[in-house]
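Below: one structure, written as C-alpha coordinates.
The values are calculated or read from the model by the stated rules, or taken from the named source; none is laboratory data. Bear in mind the structure is a predicted one, so any value in this text is a computation, not a measurement. Counting neighbours? That spans all protein chains shown, and the Cβs are built from the backbone with ideal geometry, glycine included. Side chains are part of the model used for accessible areas, which takes the heavy atoms of the whole protein and leaves out ligands, DNA and RNA. Shrake-Rupley method; radii C 1.70, N 1.55, O 1.52, S 1.80 Å.
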Amino acid sequence: MKAKEFYHRLNPTWCRGCGLFGIFDAIKRAAAALDIEPEDLVIVTGIGCHGRLNNYFNAYGFHGLHGRATPVAMGIKLVNPRLHVVAMSGDGDAYSIGLGHFVHALRKNIGLTYIVSDNRLYALTQGQASPTTDFGMVTLSTPLGSKEYPIDGPSLALAAGGTFIARGFSGEVANLAALIERGMKHDGFALIDILSPCVTHNKVNTYDWYRDHIVHVQDLPGYDPKDRAKAWESLSNTEKLAVGLIYEEAKPSFEELVLPDKERPIASLDLKVDVSRLRKIMDRFR
Ligand SMILES: Cc1ncc(C[n+]2csc(CCOP(=O)(O)OP(=O)(O)O)c2C)c(N)n1
Ligand code: SF4
(Lines give C-alpha, C1' and ligand atoms only; values in the text may rest on other atoms or scores of the structure.)
(Ligands and ions follow the chains in the order given, each with its own letter.)
Protein backbone atom coordinates (compact mmCIF):
# COMPACT_ATOMS: atom_id res chain seq x y z
CA MET A 1 0.00 0.00 0.00
CA LYS A 2 1.10 3.57 -0.68
CA ALA A 3 0.04 6.43 1.58
CA LYS A 4 -1.56 8.13 -1.41
CA GLU A 5 -4.01 5.25 -1.76
CA PHE A 6 -5.70 6.53 1.39
CA TYR A 7 -6.28 9.96 -0.16
CA HIS A 8 -9.83 10.92 -0.86
CA ARG A 9 -10.70 13.31 -3.67
CA LEU A 10 -11.80 15.98 -1.17
CA ASN A 11 -9.24 18.61 -0.25
CA PRO A 12 -8.90 19.47 3.45
CA THR A 13 -10.42 22.81 4.41
CA TRP A 14 -8.07 23.35 7.38
CA CYS A 15 -6.21 26.66 7.61
CA ARG A 16 -2.89 26.74 5.81
CA GLY A 17 -0.16 25.55 8.21
CA CYS A 18 -2.53 23.79 10.63
CA GLY A 19 -0.94 20.92 12.56
CA LEU A 20 -3.78 18.67 11.43
CA PHE A 21 -2.10 18.34 8.01
CA GLY A 22 0.92 16.67 9.67
CA ILE A 23 -1.35 14.31 11.62
CA PHE A 24 -3.33 13.46 8.49
CA ASP A 25 -0.15 12.65 6.61
CA ALA A 26 1.28 10.60 9.49
CA ILE A 27 -1.85 8.41 9.84
CA LYS A 28 -1.79 7.65 6.12
CA ARG A 29 1.90 6.81 6.19
CA ALA A 30 1.37 4.49 9.19
CA ALA A 31 -1.59 2.71 7.58
CA ALA A 32 0.37 2.29 4.33
CA ALA A 33 3.44 0.96 6.18
CA LEU A 34 1.22 -1.65 7.84
CA ASP A 35 -0.24 -2.62 4.46
CA ILE A 36 -3.78 -2.07 5.69
CA GLU A 37 -6.43 -2.19 2.98
CA PRO A 38 -8.74 0.86 3.01
CA GLU A 39 -11.76 -1.40 3.70
CA ASP A 40 -10.09 -2.67 6.89
CA LEU A 41 -9.61 0.82 8.32
CA VAL A 42 -12.22 2.91 10.15
CA ILE A 43 -11.60 6.49 11.24
CA VAL A 44 -13.96 7.78 13.93
CA THR A 45 -13.90 11.45 14.83
CA GLY A 46 -15.46 13.77 17.36
CA ILE A 47 -16.53 17.36 16.73
CA GLY A 48 -13.98 20.06 16.09
CA CYS A 49 -11.50 20.98 13.36
CA HIS A 50 -10.01 17.49 13.86
CA GLY A 51 -13.48 16.08 13.11
CA ARG A 52 -13.03 16.78 9.39
CA LEU A 53 -10.30 14.15 9.20
CA ASN A 54 -12.41 11.10 8.35
CA ASN A 55 -13.81 12.91 5.30
CA TYR A 56 -10.39 13.00 3.68
CA PHE A 57 -9.61 9.31 3.94
CA ASN A 58 -10.30 6.64 1.42
CA ALA A 59 -11.47 4.35 4.24
CA TYR A 60 -14.57 3.90 6.39
CA GLY A 61 -15.40 6.89 8.54
CA PHE A 62 -17.80 7.94 11.28
CA HIS A 63 -18.15 11.57 12.32
CA GLY A 64 -19.61 11.23 15.80
CA LEU A 65 -20.88 13.62 18.44
CA HIS A 66 -18.65 15.94 20.45
CA GLY A 67 -16.70 13.88 23.00
CA ARG A 68 -18.07 10.57 21.76
CA ALA A 69 -15.36 9.31 19.40
CA THR A 70 -14.23 6.60 21.86
CA PRO A 71 -17.61 4.97 22.62
CA VAL A 72 -18.46 4.81 18.90
CA ALA A 73 -15.02 3.37 18.11
CA MET A 74 -15.38 0.84 20.95
CA GLY A 75 -18.70 -0.34 19.54
CA ILE A 76 -17.17 -0.80 16.07
CA LYS A 77 -14.16 -2.67 17.47
CA LEU A 78 -16.31 -5.05 19.51
CA VAL A 79 -18.63 -5.84 16.63
CA ASN A 80 -15.74 -6.45 14.24
CA PRO A 81 -12.39 -6.77 16.05
CA ARG A 82 -10.57 -7.54 12.79
CA LEU A 83 -10.88 -3.88 11.77
CA HIS A 84 -8.21 -1.30 12.54
CA VAL A 85 -10.13 1.36 14.39
CA VAL A 86 -8.55 4.79 14.74
CA ALA A 87 -10.42 7.29 16.90
CA MET A 88 -9.55 10.96 16.61
CA SER A 89 -10.33 13.78 19.03
CA GLY A 90 -9.22 17.30 19.86
CA ASP A 91 -8.07 18.21 23.38
CA GLY A 92 -11.59 19.48 24.12
CA ASP A 93 -13.25 16.41 22.67
CA ALA A 94 -10.93 14.02 24.55
CA TYR A 95 -10.12 15.71 27.84
CA SER A 96 -13.23 17.82 28.49
CA ILE A 97 -16.60 16.47 27.33
CA GLY A 98 -15.12 13.04 26.46
CA LEU A 99 -12.98 12.60 29.56
CA GLY A 100 -15.12 9.88 31.17
CA HIS A 101 -15.09 7.80 28.00
CA PHE A 102 -11.35 8.27 27.66
CA VAL A 103 -10.57 6.98 31.14
CA HIS A 104 -12.87 3.96 30.80
CA ALA A 105 -11.51 3.03 27.36
CA LEU A 106 -8.04 3.12 28.90
CA ARG A 107 -8.89 0.92 31.85
CA LYS A 108 -10.67 -1.56 29.58
CA ASN A 109 -7.61 -1.67 27.31
CA ILE A 110 -9.81 -1.95 24.25
CA GLY A 111 -7.92 -2.22 20.94
CA LEU A 112 -8.20 1.28 19.54
CA THR A 113 -5.61 3.74 18.31
CA TYR A 114 -6.67 7.00 19.92
CA ILE A 115 -5.18 10.11 18.37
CA VAL A 116 -5.66 13.40 20.18
CA SER A 117 -4.80 16.56 18.30
CA ASP A 118 -3.88 18.84 21.20
CA ASN A 119 -3.85 22.47 20.07
CA ARG A 120 -4.55 23.71 23.61
CA LEU A 121 -7.91 25.31 22.81
CA TYR A 122 -11.30 24.79 21.19
CA ALA A 123 -10.43 25.72 17.63
CA LEU A 124 -13.61 25.10 15.65
CA THR A 125 -15.63 27.35 17.93
CA GLN A 126 -13.05 30.16 17.49
CA GLY A 127 -10.52 29.66 20.26
CA GLN A 128 -12.02 29.25 23.73
CA ALA A 129 -9.92 27.81 26.58
CA SER A 130 -9.77 24.01 26.82
CA PRO A 131 -8.53 21.67 29.58
CA THR A 132 -4.99 21.86 28.18
CA THR A 133 -4.82 25.65 27.82
CA ASP A 134 -1.84 27.08 29.69
CA PHE A 135 -2.53 28.85 32.99
CA GLY A 136 -2.71 32.59 32.32
CA MET A 137 -3.32 32.26 28.60
CA VAL A 138 -5.60 34.83 27.01
CA THR A 139 -8.25 33.18 24.83
CA LEU A 140 -11.68 34.14 23.53
CA SER A 141 -13.28 32.83 26.76
CA THR A 142 -10.49 33.99 29.12
CA PRO A 143 -9.81 37.65 28.22
CA LEU A 144 -8.04 38.17 31.57
CA GLY A 145 -5.98 35.00 31.24
CA SER A 146 -7.02 31.45 32.14
CA LYS A 147 -7.32 30.89 35.88
CA GLU A 148 -7.47 27.11 35.54
CA TYR A 149 -4.53 24.73 35.75
CA PRO A 150 -4.16 22.52 32.69
CA ILE A 151 -4.35 18.73 32.67
CA ASP A 152 -2.09 16.43 30.71
CA GLY A 153 -3.55 13.58 28.62
CA PRO A 154 -0.58 11.19 28.77
CA SER A 155 -0.32 11.60 32.59
CA LEU A 156 -4.03 10.86 32.95
CA ALA A 157 -3.56 7.82 30.72
CA LEU A 158 -0.73 6.48 32.85
CA ALA A 159 -2.78 6.92 36.03
CA ALA A 160 -5.79 5.17 34.43
CA GLY A 161 -3.83 2.06 33.50
CA GLY A 162 -2.95 2.89 29.88
CA THR A 163 -0.84 0.25 28.15
CA PHE A 164 0.51 2.37 25.27
CA ILE A 165 1.13 6.04 25.89
CA ALA A 166 2.90 8.20 23.37
CA ARG A 167 3.22 11.87 22.57
CA GLY A 168 4.08 13.22 19.15
CA PHE A 169 4.50 16.58 17.46
CA SER A 170 2.75 17.39 14.20
CA GLY A 171 5.88 19.28 13.08
CA GLU A 172 7.82 15.97 13.01
CA VAL A 173 5.75 13.87 10.63
CA ALA A 174 8.19 10.96 10.14
CA ASN A 175 8.53 10.43 13.92
CA LEU A 176 4.79 10.78 14.32
CA ALA A 177 4.06 8.22 11.59
CA ALA A 178 6.41 5.75 13.32
CA LEU A 179 4.62 6.30 16.66
CA ILE A 180 1.18 5.83 15.09
CA GLU A 181 2.35 2.71 13.28
CA ARG A 182 3.58 1.28 16.58
CA GLY A 183 0.33 2.28 18.27
CA MET A 184 -1.72 0.56 15.55
CA LYS A 185 0.24 -2.64 16.14
CA HIS A 186 -0.31 -2.50 19.90
CA ASP A 187 -2.69 -5.07 21.33
CA GLY A 188 -4.96 -2.82 23.40
CA PHE A 189 -5.66 0.88 23.75
CA ALA A 190 -2.96 3.12 22.30
CA LEU A 191 -2.99 6.84 23.09
CA ILE A 192 -1.02 9.13 20.82
CA ASP A 193 -1.41 12.65 22.14
CA ILE A 194 -0.12 15.12 19.56
CA LEU A 195 1.21 18.61 20.18
CA SER A 196 -0.39 20.31 17.21
CA PRO A 197 -0.37 24.06 16.55
CA CYS A 198 -3.57 25.90 15.71
CA VAL A 199 -2.03 28.65 13.60
CA THR A 200 -5.21 30.74 13.61
CA HIS A 201 -6.25 30.91 17.26
CA ASN A 202 -3.18 29.98 19.28
CA LYS A 203 -0.36 32.46 18.75
CA VAL A 204 1.56 31.21 21.81
CA ASN A 205 2.04 27.47 21.27
CA THR A 206 3.51 27.73 17.78
CA TYR A 207 5.76 25.28 15.89
CA ASP A 208 8.83 27.16 17.19
CA TRP A 209 7.47 27.20 20.74
CA TYR A 210 7.04 23.42 20.67
CA ARG A 211 10.51 22.91 19.17
CA ASP A 212 11.92 24.80 22.19
CA HIS A 213 9.78 22.93 24.70
CA ILE A 214 10.06 19.28 23.76
CA VAL A 215 12.47 16.54 24.70
CA HIS A 216 12.57 13.20 22.89
CA VAL A 217 12.48 10.42 25.48
CA GLN A 218 14.81 8.27 23.38
CA ASP A 219 17.47 10.95 23.98
CA LEU A 220 17.17 10.63 27.78
CA PRO A 221 19.97 8.42 29.16
CA GLY A 222 18.70 4.93 30.04
CA TYR A 223 15.08 5.67 29.12
CA ASP A 224 12.99 2.52 29.01
CA PRO A 225 9.29 2.78 28.05
CA LYS A 226 8.59 -0.34 30.12
CA ASP A 227 9.70 1.48 33.28
CA ARG A 228 6.65 3.11 34.88
CA ALA A 229 8.72 5.25 37.28
CA LYS A 230 10.74 6.65 34.36
CA ALA A 231 7.48 7.39 32.53
CA TRP A 232 6.16 9.38 35.52
CA GLU A 233 9.43 11.22 35.82
CA SER A 234 9.42 12.24 32.15
CA LEU A 235 5.76 13.31 32.30
CA SER A 236 6.36 15.38 35.44
CA ASN A 237 8.69 17.71 33.59
CA THR A 238 6.39 20.57 32.59
CA GLU A 239 9.22 22.70 31.18
CA LYS A 240 10.30 20.13 28.61
CA LEU A 241 7.42 18.05 27.27
CA ALA A 242 8.28 14.38 26.81
CA VAL A 243 7.78 13.25 23.21
CA GLY A 244 8.06 9.68 21.88
CA LEU A 245 6.92 6.33 23.24
CA ILE A 246 6.54 7.14 26.92
CA TYR A 247 5.09 3.91 28.29
CA GLU A 248 4.27 0.47 26.97
CA GLU A 249 2.98 -2.62 28.76
CA ALA A 250 1.62 -5.98 27.58
CA LYS A 251 -1.87 -6.79 28.94
CA PRO A 252 -4.75 -8.72 27.33
CA SER A 253 -7.09 -6.47 25.39
CA PHE A 254 -10.78 -6.16 26.32
CA GLU A 255 -11.94 -7.83 23.10
CA GLU A 256 -9.63 -10.76 23.77
CA LEU A 257 -11.21 -11.20 27.19
CA VAL A 258 -14.87 -10.77 26.28
CA LEU A 259 -15.29 -12.10 22.75
CA PRO A 260 -15.68 -15.82 22.18
CA ASP A 261 -13.57 -15.68 19.02
CA LYS A 262 -11.60 -12.57 18.09
CA GLU A 263 -11.42 -13.70 14.48
CA ARG A 264 -15.20 -14.03 14.20
CA PRO A 265 -17.04 -10.72 14.22
CA ILE A 266 -20.10 -10.51 16.45
CA ALA A 267 -22.02 -9.54 13.32
CA SER A 268 -21.45 -13.06 11.93
CA LEU A 269 -22.46 -14.91 15.13
CA ASP A 270 -25.80 -16.62 15.31
CA LEU A 271 -27.25 -14.54 18.11
CA LYS A 272 -30.80 -15.72 18.55
CA VAL A 273 -33.06 -12.75 19.05
CA ASP A 274 -36.40 -13.42 20.66
CA VAL A 275 -38.41 -11.12 18.38
CA SER A 276 -41.68 -11.47 20.29
CA ARG A 277 -39.95 -10.33 23.49
CA LEU A 278 -38.45 -7.37 21.67
CA ARG A 279 -41.88 -6.44 20.27
CA LYS A 280 -43.37 -6.55 23.76
CA ILE A 281 -40.74 -4.13 25.06
CA MET A 282 -41.23 -1.80 22.08
CA ASP A 283 -45.00 -1.87 22.53
CA ARG A 284 -44.59 -0.55 26.06
CA PHE A 285 -43.00 2.62 24.64
CA ARG A 286 -45.40 3.23 21.75
C1 LIG B 1 -22.44 18.57 23.04
C2 LIG B 1 -21.74 19.68 22.35
N3 LIG B 1 -21.28 20.71 23.09
C4 LIG B 1 -20.63 21.74 22.49
C5 LIG B 1 -20.46 21.73 21.13
C6 LIG B 1 -19.76 22.90 20.47
N7 LIG B 1 -18.42 22.57 20.05
C8 LIG B 1 -18.16 22.19 18.79
S9 LIG B 1 -16.54 21.86 18.54
C10 LIG B 1 -16.19 22.25 20.16
C11 LIG B 1 -14.79 22.22 20.70
C12 LIG B 1 -13.77 21.75 19.75
O13 LIG B 1 -12.50 21.72 20.37
P14 LIG B 1 -11.61 20.44 20.29
O15 LIG B 1 -12.34 19.22 20.67
O16 LIG B 1 -10.36 20.71 21.06
O17 LIG B 1 -11.32 20.32 18.72
P18 LIG B 1 -10.56 21.29 17.70
O19 LIG B 1 -11.60 22.15 17.06
O20 LIG B 1 -9.56 22.09 18.48
O21 LIG B 1 -9.94 20.34 16.74
C22 LIG B 1 -17.32 22.63 20.86
C23 LIG B 1 -17.32 23.03 22.27
C24 LIG B 1 -20.96 20.64 20.40
N25 LIG B 1 -20.79 20.55 19.07
N26 LIG B 1 -21.58 19.63 21.02
S1 SF4 C 1 -8.79 26.96 13.28
FE2 SF4 C 1 -6.83 26.11 14.02
S3 SF4 C 1 -7.17 23.90 14.32
FE4 SF4 C 1 -8.82 24.71 13.02
S5 SF4 C 1 -8.16 24.37 10.92
FE6 SF4 C 1 -7.54 26.45 11.47
S7 SF4 C 1 -5.45 26.25 12.28
FE8 SF4 C 1 -6.36 24.20 12.25
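Key figures
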{"quantity": "Exposure ranking of Asp93, Asp274 by accessible area [1.4 Å probe, largest first]", "calculated": "Asp274, Asp93"}
{"quantity": "Karplus-derived HN-Hα couplings along the range 230-244 (A = 6.51, B = -1.76, C = 1.60, θ = phi - 60°), whole Hz, x at Gly and Pro", "calculated": "5, 4, 4, 4, 5, 6, 6, 7, 8, 7, 10, 7, 5, 10, x"}
{"quantity": "Highest-fluctuation residue, Lys230, Lys147, Lys77 considered, GNM on the chain with Cα pairs under 10 Å", "calculated": "Lys147"}
{"quantity": "Beta bridge orientation in the chain: antiparallel %, DSSP, nearest 5", "calculated": "20"}
{"quantity": "Cα Rg, Dmax, the chain, angstrom units", "calculated": "19.4, 66"}
{"quantity": "Sequence-distant residues sharing a close amide H with Tyr7 (under 5 Å, placed H)", "calculated": "Asn58"}
{"quantity": "Built amide H within the under 5 Å cut-off of Glu148, gap 5+", "calculated": "Gly136"}
{"quantity": "Selected from Tyr122, Tyr60, Tyr114 as most flexible by GNM, with the chain as the system and alpha-carbon contacts under 10 Å", "calculated": "Tyr60"}
{"quantity": "Sparsely packed chymotrypsin sites (Phe, Trp or Tyr not before Pro) within the range 139-239, loop by DSSP, other Cβ within 10 Å at most 12", "calculated": "none"}
{"quantity": "The range 132-189 - percent relative contact order, Cα under 8 Å, separation 6 or more", "calculated": "23"}
{"quantity": "Carbon/sulfur fraction of accessible area - the range 119-184, other protein chains in place, 1.4 Å, %", "calculated": "60"}
{"quantity": "5 angstrom amide H check on His63, placed H, neighbours 5+ away", "calculated": "Thr45"}
{"quantity": "Which of Cys15, Cys49, Cys198 is most accessible, then next, and so on - probe 1.4 Å", "calculated": "Cys15, Cys49, Cys198"}
{"quantity": "Solvent-accessible area of Ile76 with every protein chain in place, 1.4 Å probe, in Å² to the nearest 10", "calculated": "40"}
{"quantity": "Karplus (6.51, -1.76, 1.60) ³J(HN,Hα), θ = phi - 60°, over the range 189-197, in Hz, Gly and Pro reported as x", "calculated": "7, 10, 9, 10, 8, 10, 6, 9, x"}
{"quantity": "Residue-wise HN-Hα coupling along the range 106-114, computed from phi with Karplus coefficients 6.51, -1.76, 1.60 (Hz; x: Gly, Pro)", "calculated": "5, 5, 6, 6, 7, x, 10, 9, 10"}
{"quantity": "In Å², nearest 10: area of Met137 left accessible to a 1.4 Å probe", "calculated": "20"}
{"quantity": "Where the chain is the region considered: accessible area per residue in Å², 1.4 Å probe", "calculated": "48"}
